[in-house]
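Here's the structure, in structure tokens; my notes come after.
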Amino acid sequence: MKPIGLILLAVWSASSAAGVFTPLSLAQETSTAAGRSGQSEASLAPGSAIPVELNSGIDSKKAKAGDMVTAHTSEALRSSDGRLILPRGTKVEGHITQASARNKGGNESALGIQFDKAMPKDGGEIPLNVIIQALAAPVSFSAPSDLGTPQTVGTTQTSPMRNAPPPTAPSAQPPSGGIEPDASPVRSQPLDAKSRGVIGLHGLALNAEPANDRPASVVVSNGKSVHLDGGTRMLLVVQGARSEPSGQ
């Protein structure tokens, strides 16, 4: 009886051990995965800059509030310790907050955009709390799947912010009241954390205007409508929760 008792005790101990360590192992993996996810989101600290390009054109005469806006990251975003957070080509989704064409007797047209989330190709979503700090002419019109060699279009001249007189156009007004790249192209400069306002696009101004208690941006034009081509570059900058937008 004694040997049998020892054998049963050994079997019970092994079963108990299996019942304890397996859930602990799964819990540790889940915790580790959650920690990695949390670290990725936490790494998007206020002031982080995310350069993106629009996937398709938008016109304030045709768009309406609620319409989806999609873009993709033009550069990889890494944490301060070198971890990859958003690979180049990551999809970024947002929506139109307001869209209007200039009416007779009106002074401007407007297009409001609020970006909501980034969607890495390996799955998951990263919420975004950003404004558009800088807006620039396209350097290429390639889709996210074909991020080719940039072309030389546009200028590095920065337009004033709202309520300041717009820059003088070099010759004729843009067709249909829209905007166009500078007529004297020079080598386009990449957007960085110091970039602000509208670069290389005439008749536009950029403003931070919150929508639904979240940061958002509005592009205004002295033309009949605000038109942004596919490939238009934007510098998104992460904002602190319920804080005044920085750099505006």
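The values are calculated or read from the model by the stated rules, or taken from the named source; none is laboratory data. These numbers were taken from a predicted model, which means no experiment stands behind them. Neighbour counts are summed over all protein chains in view; Cβ atoms, including those assigned to glycine, are modelled from backbone coordinates with ideal geometry.
Below, the figures for the structure above:
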quantity	calculated
Output for the range 68-84, where each listed residue is exposed (fewer than 13 other Cβ atoms within 10 Å of the Cβ) and closer than 13 Å to Ile96 by Cα	Met68
Strands (runs of 3 or more DSSP E) (entirely within the range 43-129) containing at least 1 residues that are at pLDDT 95 or above	49-54, 68-73, 91-100, 109-119
